[in-house]
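Data first, discussion second: the structure below is written as structure tokens.
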Amino acid sequence: MKNIRYLAILLSLALILSSCQLTEQVSKLSGGSAGGSASSGQNEVPTDIVSQTEQAYPAETQAPGNGNPEPVAVGMPPQSQAAGIQPNEMRAKLTHLSNLMGYQVLDGNGDTLGVANDYIINTCEGYIIYILMDPDASLKVEQGNRVVIPFEAVTINSGVLDAQNKTIQLRLTKNQFSNAPAFPPGQQLTPTKWEDGTRGFWKKAVRIGKLATSCNVSGGPVYKVVYATQLLEVELYDGNNKLLGTVQDAILEPESGNIGFYIVKPAEGDGLVMVRLRAINIPKEALEPGGTLTLVLLTEPMVFWEAPRISSVDEADDFEMQSKMRQYWGR
């Protein structure tokens, strides 16, 4: 019996020793101690995972919350918080919506993709949400169609706005435009059934965040989307359908695409009036097929007539003037 007991003890010791040796081998292979996290060293596997985050714009121009950001696909461009501006001393040229018309769109190699001849703007959220590009022949898009590109391909995907060369450079390749969504001539923006397919296509190539055609308001989402070319020269009326003036331009933050002000030529008197976007609405019937686009002031007409005036659109670039006008319209 004693011999059997000794044999059992020796067998147990052998099993324990074998287990320790196996554990040590596993630890060496994994680069750390068994059961613990791997320590920094040559055996550690590096990771380079880019997580999707919400655009970090200033509080005044925070991106709207239209649901959760969509998943990030593999192979995205480098992530940025805002579009790059080149050269910095010419930034003011990029703040006028009218100036962005006709910018050449380039791929990541600097090759031509097409020309940005219009933009789609969500007027209740106040953002440019899509670029409409007249495509280069090399993209083999049906003649007359315009490619629809999320503006976030510029802002949170390390795109660059170049005021000197009048270009918009995207961190994409021409191959990624194969079968890209495109608008035929005369495409109506509402209803916005076209958007799901557009977002579905581009989220495979770029980060798609929260900017969309819908505006989340009490009572359900609404859609106040227009072409940028529609806003230029559109007429502004008061609540009694009396003409106040005509929009000459819009002032935006190019890094994010946020539009802060309309520049309105008054129907009476000299100068221009900076009208904050939040003070203006688009009647529902104006967005229906066949409707004529008009804008309506949401406050008393005298607020418009008594507003400080500027002599040129360039004066609206001044930060102090913008701050002054935000205070004026927010009173």
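The values are calculated or read from the model by the stated rules, or taken from the named source; none is laboratory data. Because the structure is predicted, anything quoted here is derived from the model rather than measured. As a convention, Cβ positions derive from the backbone with ideal geometry for all residues, glycine included, and neighbour counts pool all protein chains shown. These area figures cover heavy atoms from the full protein model, side chains too; ligands, DNA and RNA do not enter into them. Shrake-Rupley method; radii C 1.70, N 1.55, O 1.52, S 1.80 Å.
Examine the range 139-150 for a residue that is modelled with pLDDT of 95 or more, in a loop (DSSP other than H, G, I, E, B) and touching a Leu at 6+ places or on another chain (Cβ under 9 Å), and state whether such a residue exists.
Scanning the range 139-150, I find no residue that is modelled with pLDDT of 95 or more, in a loop (DSSP other than H, G, I, E, B) and touching a Leu at 6+ places or on another chain (Cβ under 9 Å), so the answer is no.
For residues that are open to solvent by less than 10 Å² (accessible area, probe 1.4 Å), within 22 Å of LYS210 (Cα to Cα) and among the charged types (D, E, K, R), tally how many sit in the range 96-136.
1
With the condition kept exactly as written, say whether any residue in the range 233-244 is without any contact (Cβ under 8 Å) to a residue 60 or more places away in the chain, within 19 Å of GLU125 (Cβ to Cβ) and open to solvent by 40 Å² or more (accessible area, probe 1.4 Å).
No, the conditions are met nowhere in the range 233-244.
Please determine whether any residue of the range 163-181 is among the hydrophobic types (A, V, I, L, M, F, W, C), modelled with pLDDT of 95 or more, in a strand (DSSP E or B) and surrounded by 16 or more Cβ atoms within 10 Å (Cβ to Cβ).
Yes, the range 163-181 has at least one match.
Considering only the range 170-188, state which residues are of a type in the set (Phe, Trp, Tyr) and closer than 19 Å to GLY108 by Cβ.
Within the range 170-188, just PHE177 meets the criteria.
When you go through GLU288, GLU306 one by one, which is the residue that is acidic (Asp, Glu), at pLDDT 95 or above and either under 30 Å from ALA116 (Cβ atoms) or surrounded by fewer than 17 Cβ atoms within 10 Å (Cβ to Cβ) (or both)?
Checking each option against the conditions leaves just GLU306.
Scan the range 301-309 and give yes if some residue there is within 30 Å of GLN169 (Cβ to Cβ) and not β-branched (Val, Ile, Thr), otherwise no.
No: the range 301-309 contains no residue that is within 30 Å of GLN169 (Cβ to Cβ) and not β-branched (Val, Ile, Thr).
Residues of the range 289-331 being among the polar types (S, T, N, Q), in contact (Cβ under 8 Å) with a residue 24 or more places away in the chain and not in a loop (DSSP other than H, G, I, E, B), which ones?
The answer is GLN322, and nothing else.
In the range 104-137, how many are outside any loop (DSSP other than H, G, I, E, B), of a type in the set (D, E, K, R) and touching a helix residue (DSSP H, G or I) at 6+ places or on another chain (Cβ under 6 Å)?
Total satisfying the criteria: 1.
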